[in-house]
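Reviewing the structure listed below.
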Amino acid sequence: MGNPGAVSRRLIVAGLVVNVAAALTEFVWHPRPFGPHLLKDSIPVLLSLGGIVAVGACFARRKVRAPALLVRAGVGFIAPAERRFGYFVVGLLLLAALNVGAALRDLFEPGTTGSGRPLNHIVTGVLIGSAVLVSVVSYGFAGLALSGRPRLELTAEGVLLDQPFRRRTVRWDELVPGRPAHPPDRDSLILTVRGPAGTVSLPLFGVRVDTRFLADAIRFYAEHPESRAEIGTQPSYDHLVAALKAASVGQ
């Protein structure tokens, strides 16, 4: 299985390039002839359409339920981010470029700042503030996506869920043996753990993995502590897949 996040990373980098290019265009290019001016005015329309299409693709595309994990030597078995999350980030970047462009146009394009009335200053301030906010949010999501989040890892120590704004680890010795529950109406797993909490929820939105396959893999390592030290090697993964297939045949 290849790296299913590679295309998303390329798309995100392209989104960042478009974002910066659109902002620079608004900052340095102020054409007066009709043709170039019309071309520049078409940029916000294209950004809006691109952003809406990208965000729409995120929610319209069905979740990829891959019954497999990636083997990362020395780390563990990885369930990487879906491409859907990449589409969402690209949509944010394009829509952020639209907002930043409007703020820069209001600041620097001749004839758009009005006559200096207080209301014009308020509108300009709101535009600048919103441009800063959406830029921070969109760049933050882009950075998280490029760093490989969200993802889930099975390591020798336990189960790690690394989401954009939350990181949670459940150690193997905390788990109660048995198959994690899979709520039918939610994209998540419910792990049963020792202690007062009783359960831990692992939300899997944006993670490319089949929840049933993941539940079986977690159950295998919860019930076979002797196999945990080898997690992160290809022979260990092959053994896991063979054991899960044998178990499914025997059911």
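When you check S130 against the structure, is it at pLDDT 80 or above, part of a helix (DSSP H, G or I), more than 30 Å from E157 (Cα to Cα) and among the polar types (S, T, N, Q), yes or no? Spell out the reasoning first.
Numbers: at pLDDT 80 or above: no; part of a helix (DSSP H, G or I): yes; more than 30 Å from E157 (Cα to Cα): yes; among the polar types (S, T, N, Q): yes.
No; evaluated as a whole, the condition is false for this residue.
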For this session: Consider only pairs whose beta carbons are under 6 Å apart and that are at least six residues apart or on different chains; among these, list those whose first residue lies in segment 164-182 and is within 15 Å of T192 (Cβ to Cβ) and in the same structural domain as P203 (by TED's automatic domain parsing) and whose second residue is of a type in the set (S, T, Y) and in a strand (DSSP E or B).
Result: V176/T192
Exercise. Are any of the residues in segment 25-34 part of a helix (DSSP H, G or I), surrounded by 12 or more Cβ atoms within 10 Å (Cβ to Cβ) and either in contact with a Cys (Cβ under 8 Å, 6 or more places away or on another chain) or free of Cβ contacts under 8 Å to residues at least 60 places away in the same chain (or both)?
Worked result: no
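The values are calculated or read from the model by the stated rules, or taken from the named source; none is laboratory data. Note that the structure is predicted; figures quoted are calculated from it, not measured. We place every Cβ from the backbone using ideal geometry, glycine too, and count neighbours over all the protein chains shown.
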